[in-house]
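I have placed the structure first, in the form of structure tokens, so that the comments after it can refer back to it.
The values are calculated or read from the model by the stated rules, or taken from the named source; none is laboratory data. Note that this is a predicted model, so its numbers are computed, not measured. Cβ placement follows ideal geometry from the backbone for every residue including glycine, while neighbour counts extend to all protein chains displayed. The protein model used for the area step is the full one, side chains on, heavy atoms only, and it has no ligands, DNA or RNA in it. Shrake-Rupley method; radii C 1.70, N 1.55, O 1.52, S 1.80 Å.
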Amino acid sequence: MPMRSSSLGVDGRLEHVVTSAGKPRGIEAVVSDALTRGPVLSIGDIHEFDLLPAAALGADTALVGPAAAHPPADVTMAAVHLPELYPAIQSWAARSARLG
């Protein structure tokens, strides 16, 4: 189920939601481009493909799904279900808005 920006209270504030980046290689171009405009939070369920390339470029990361119970590496935030991350994502977005 896709994330709805209204669930996070960020309608009109998300610049891009990328659902098909050609991971893992394609994510590098997407994240690199986005980082030129400010902080980036990469959200995904497979650390190796969704988060590791983004983290290597300086993005923050959110791991969701079964692997979140025991993350394979450092991640910014993790939860088994995405709605559990909404408060952390909102805090991240507020901090990022102040920085960006």
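Of the residues 91, 42, 32, the single one that is touching a helix residue (DSSP H, G or I) at 6+ places or on another chain (Cβ under 6 Å) and at pLDDT 85 or above is 42. So is residue 71 in contact with a helix residue (DSSP H, G or I) (Cβ under 8 Å, 6 or more places away or on another chain) and either free of Cβ contacts under 8 Å to residues at least 40 places away in the same chain or at negative phi (or both) or not? When the stated conditions are applied, residue 71 passes them. Pairs are defined by a Cβ separation below 7 Å, a sequence spacing of at least 6 or placement on different chains, a first member in region 78-93 that is over 17 Å from residue 67 (Cβ atoms), and a second member that is among the charged types (D, E, K, R); the pairs so defined are 92/60.
On the basis of being open to solvent by 20 Å² or more (accessible area, probe 1.4 Å) and under 19 Å from residue 93 (Cβ atoms), does residue 39 make the cut? Judged against the criteria, residue 39 is a match. Kindly provide the set of residues from region 42-68 that are open to solvent by 60 Å² or more (accessible area, probe 1.4 Å) and either more than 14 Å from the chain's Cα centre (by Cα) or hydrophobic (A, V, I, L, M, F, W, C) (or both), ordered by number. 43, 46, 49, 52, 56, 57, 66 - these are the residues of region 42-68 that are open to solvent by 60 Å² or more (accessible area, probe 1.4 Å) and either more than 14 Å from the chain's Cα centre (by Cα) or hydrophobic (A, V, I, L, M, F, W, C) (or both). Quick one: in region 76-92, of everything that is in contact with a Pro (Cβ under 9 Å, 6 or more places away or on another chain) and not in a strand (DSSP E or B), which residue is surrounded by the fewest Cβ atoms within 10 Å (Cβ to Cβ)? Among them, the one singled out is 80. Among the residues of region 15-29, those identified as at pLDDT below 75 and either open to solvent by 80 Å² or more (accessible area, probe 1.4 Å) or part of a helix (DSSP H, G or I) (or both) are 15, 16, 17, 19, 20, 23.
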